[in-house]
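The values are calculated or read from the model by the stated rules, or taken from the named source; none is laboratory data. Values in this document were obtained by computation on a predicted structure and should not be read as measured data. Here Cβ is always computed from backbone atoms with ideal geometry, including for glycine, and neighbour counts include all displayed protein chains. Only protein heavy atoms, including side chains, enter the accessible area calculation; ligands, DNA and RNA are left aside. Shrake-Rupley method; radii C 1.70, N 1.55, O 1.52, S 1.80 Å.
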Amino acid sequence: MDAAESAALRAIAMEAVQLVGGPLAAAFRSDTAVEYKVDLHDVVTRYDRQAEQAIRDHILSRWSDSAVLGEEHGASGEGRVRWYVDPIDGTSNFARGIAFWCISIGAAVDDEIVAGAILDPVADNLFSADLTGAWLNGEPLRSSAIPEENKATLITGYPVARDFRLDGRDRALDNFATLAETFSTLRRPGSAALSIAHVAAGWADAACGFGVNAWDVTAAILLLRQAGGTYRSLPLGKIPADRPDQFHPGYMAWGNGGNYPTLTRIAEAISVGRTKAA
Ligand code: IPD
Ligand code: CA
Ligand code: CA
């Protein structure tokens, strides 16, 4: 894929997130009834489904050689470009009225991530990336992280109830305690994509997660790397370690200049523990 083609895909991803950004922002803090999917920790609204359908229709009309994989409606279309669509990342925030959620769309060709867009419609921040760079609202994006972990801010949702089941309650709480003690600040805002976008923008230093899907992270991986940051995927015993990064269920991420040995140690220990248990 050449740079011009990846720029064209970035443009389509930007159009698609903007297409649904207005309607979702209008629905935010209105009547957002939830339904539950896998369990009571996993919510969805009718807005997730509507937005995904509009995004899919837009992508297929603009680039027919496409396969779209969305969180809510699954796979549709066949083609060289594979799109990973999360219509709302951070649905539980969206549904309750917490302004930390986004729309995330990433595109890959032969498993190489080539374009992506992430829109936070409440803050009006449009992040995007292609093979030539990363941007925030049209301006080039460069990450910057505080070098020492004891002065840095880490964003993570870890541990959630599923992590207690997978890692053991005591071990998971101990991991959390070590991270909370080590970093200057630890935050749990939700939305993996928007958390990694914050690291890409230099608004947070690091992020990690242990239960993500390709639609959560595909756009964010390219955004962070093109902004000079580091994204390390973790297979967590669920997939072969040599699979492309976007398919790994775990990650650790930091901005340019970051170096966080405690985060690395704990994330790798979680991965080894789950791999042994698998
Ligand atoms: C979830 C959010 C959450 C992360 C989970 C994701 P959803 O996505 O990004 O912060 O910890 O791994 O599944 O369900 O809000 O689209
Ligand atoms: Ca998500
Ligand atoms: Ca979602």
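Within 12 Å of ligand 1 (Cβ to nearest atom), in the same structural domain as A16 (by TED's automatic domain parsing) and without any contact (Cβ under 8 Å) to a residue 12 or more places away in the chain: which single residue out of D48, D42 fits that description?
Just one listed residue meets the conditions, D42.
Quick check: is even one residue across the range 132-149 in the same structural domain as I12 (by TED's automatic domain parsing), within 15 Å of ligand 3 (Cβ to nearest atom), touching a Pro at 6+ places or on another chain (Cβ under 8 Å) and not aliphatic (A, V, I, L, M)?
no
So, in the range 93-105, how many residues would count as being over 10 Å from the mean Cα position of the chain (by Cα) and more than 10 Å from ligand 2 (Cβ to nearest atom)?
Of the residues in the range 93-105, 8 are over 10 Å from the mean Cα position of the chain (by Cα) and more than 10 Å from ligand 2 (Cβ to nearest atom).
Which one of H73, H41 is more than 12 Å from ligand 3 (Cβ to nearest atom) and open to solvent by 20 Å² or more (accessible area, probe 1.4 Å)?
H41
Check the range 78-96 and report whether any residue there is open to solvent by 30 Å² or more (accessible area, probe 1.4 Å), of a type outside the set (S, T, N, Q) and within 16 Å of ligand 1 (Cβ to nearest atom).
So far as the range 78-96 goes, yes, one or more of its residues are open to solvent by 30 Å² or more (accessible area, probe 1.4 Å), of a type outside the set (S, T, N, Q) and within 16 Å of ligand 1 (Cβ to nearest atom).
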